[in-house]
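Contents: one structure, followed by commentary.
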Amino acid sequence: MVAYIRFADALSAWFGKAFAWLIVLMAVGTGYEVFVRYVLNDPTAWALDVSFIMYGTLFIMGGAYTLSRGGHVRGDFIYRLWQPKTQAKIDLVLYIIFYFPGVLALVFSGWKYAARSWKYLEVSVNSPAGVPVYQFKTAIVAAGILLLIQGIAQILRCILAIRTNEWLEAEEDVFETEDLLMRKATEAEMRHIK
């Protein structure tokens, strides 16, 4: 079980971090649009659509990563007071009743939605540039599959927590710059002392 959880966490982290680079592309695209619109007085017809597409893709492709790190919003004013075993029992029921039906609906309806979009080579109706959107609609299905894989890992986490009364935390993979600098300085100081 732990091996599958670690696999799902690593897979979700890889996709989440890879798609996080869309933030840089969005910033460059928006900066370019602002420059050509206000400095050159020659706005683009595509920038708004492209930024919407990239933001939507970033949002859905980061969902599994956020789930693996416990980052989704939860009303935990009572939940946090319970033992991990009780939390896991509640989570297990909620995953089965609500999460998996929703994710499966996302995958199956997303598949139909993306297939239809590819069939017509759909373009955005919001701009005169006709920005293609069919390839990005495939991200709906990919995000659903990632959420399904991560959801299974969360179920296994619940089972482990029910057995041990402890949550198996995701491996830490994001560190604050200050922490990294302090660690580096400490390591350099230890080498200097030796």
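Bear in mind that the values in this text are calculations on the coordinates, not laboratory data. In this text, all values refer to a predicted model and were calculated from it rather than measured experimentally. Counting neighbours? That spans all protein chains shown, and the Cβs are built from the backbone with ideal geometry, glycine included.
Could you tell me the calculated FRET efficiency between A20 and V125, based on Cβ-Cβ distance and R0 = 41 angstrom, to the nearest 0.05? The computed FRET efficiency comes out at 0.90. Here the ratio of the Cα radius of gyration of segment 66-107 to 2.2 N^0.38 Å is 1.27.
Of the residues I149, I96, I140, the one that moves most in a GNM of the chain with alpha-carbon contacts below 10 Å is I96.
Note on E172 and W82: the model spin-label points, each 7 Å out from Cα along the C-beta direction, lie 2.8 nm apart. Once the Cα atoms are used to define both axes, helix 177-193 deviates from the longest principal axis of the chain by about 50 degrees.
Placing dummy labels 7 Å off each Cα toward the beta-carbon, the span from R6 to L104 is 3.1 nm.
From least to most packed, judged by other beta carbons within 10 angstrom and beginning with the fewest, M54, M1 follow the order M1, M54. Phi angles across segment 125-135 convert, under the Karplus curve 6.51 cos²θ - 1.76 cosθ + 1.60 with θ = phi - 60°, into 3J(HN,Hα) values of 8, 8, 9, x, 6, x, 4, x, 10, 4, 5 Hz, Gly and Pro given as x. Estimated from helices alone, the mean residue ellipticity of the chain at 222 nm is -23500 deg cm²/dmol (sum of -39500 (n - 2.57) over DSSP H runs with n ≥ 4, per residue).
Relative contact order of segment 2-171, taken over Cα pairs closer than 8 Å and 6 or more residues apart, is 32 percent. First check a/c for segment 1-114, with a ≥ b ≥ c the square roots of the eigenvalues of its C-alpha gyration tensor; if it is under 1.5, answer rounded, and if not, answer prolate when a/b is larger than b/c or oblate otherwise. Here segment 1-114 falls in the prolate category. Each residue in F35, F136 was given a count of other beta-carbon atoms within 10 angstrom of its own, and listing them fewest first yields F35, F136.
Measuring from centroid to centroid over Cα atoms, what is the spacing of segment 99-117 and segment 26-40 in Å? So the separation of the two Cα centres works out to 35 Å.
Put simply, the amide H of S124, placed in the peptide plane, has neighbours under 5 Å in V131, V133, leaving out anything fewer than 5 places away on its chain. Taking the C-alpha atoms only, the angle from helix 100-120 to the longest principal axis of the chain is near 20 degrees. Applying the Karplus relation 6.51 cos²θ - 1.76 cosθ + 1.60 with θ = phi - 60° to segment 50-63 yields 3J(HN,Hα) values of 4, 5, 4, 4, 5, 5, x, 5, 4, 4, 6, 6, x, x Hz, where x marks Gly and Pro. The angle separating the long axis of helix 2-20 from the principal Cα axis of greatest extent in the chain is about 30 degrees.
Between T164 and R116, residue separation times 0.36 nm minus the direct Cα-Cα distance comes to 12.6 nm.
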